[in-house]
Amino acid sequence: MGLIIIFSLSLFFFVTLAYFNTSNPIPFSSFLILSLLLCLIKIEYDACFDLRNDVELVRSYSESSF
């Protein structure tokens, strides 16, 4: 779901910039690169968030066993 939101936001920004910058149009490949970078950032953030949850789970398990 988050990747769809990121894709939609980057498309919105691309269309907005292309609309207001008619003298020097932005190539469509820059939109694809922006979408890819934002998706990679989201995937990395989700992976770090999952890792943090795993660390908290292990910490709570180790505290409860003592």
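The values are calculated or read from the model by the stated rules, or taken from the named source; none is laboratory data. The structure displayed is predicted, hence computed values, not measured ones. We place every Cβ from the backbone using ideal geometry, glycine too, and count neighbours over all the protein chains shown.
Scan segment 34-66 residue by residue and report those that are under 17 Å from the mean Cα position of the chain (by Cα) and of a type in the set (Gly, Ala, Ser).
Ser35, Ala47
Per-residue answers, yes or no, for (1) surrounded by 13 or more Cβ atoms within 10 Å (Cβ to Cβ); (2) modelled with pLDDT of 75 or more; (3) charged (D, E, K, R):
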site: Phe12; (1), (2), (3): no, yes, no
site: Leu17; (1), (2), (3): yes, no, no
site: Phe20; (1), (2), (3): no, no, no
site: Ser23; (1), (2), (3): no, no, no
site: Pro27; (1), (2), (3): no, no, no
site: Leu32; (1), (2), (3): no, no, no
site: Leu37; (1), (2), (3): no, yes, no
site: Leu40; (1), (2), (3): no, yes, no
site: Phe49; (1), (2), (3): no, no, no
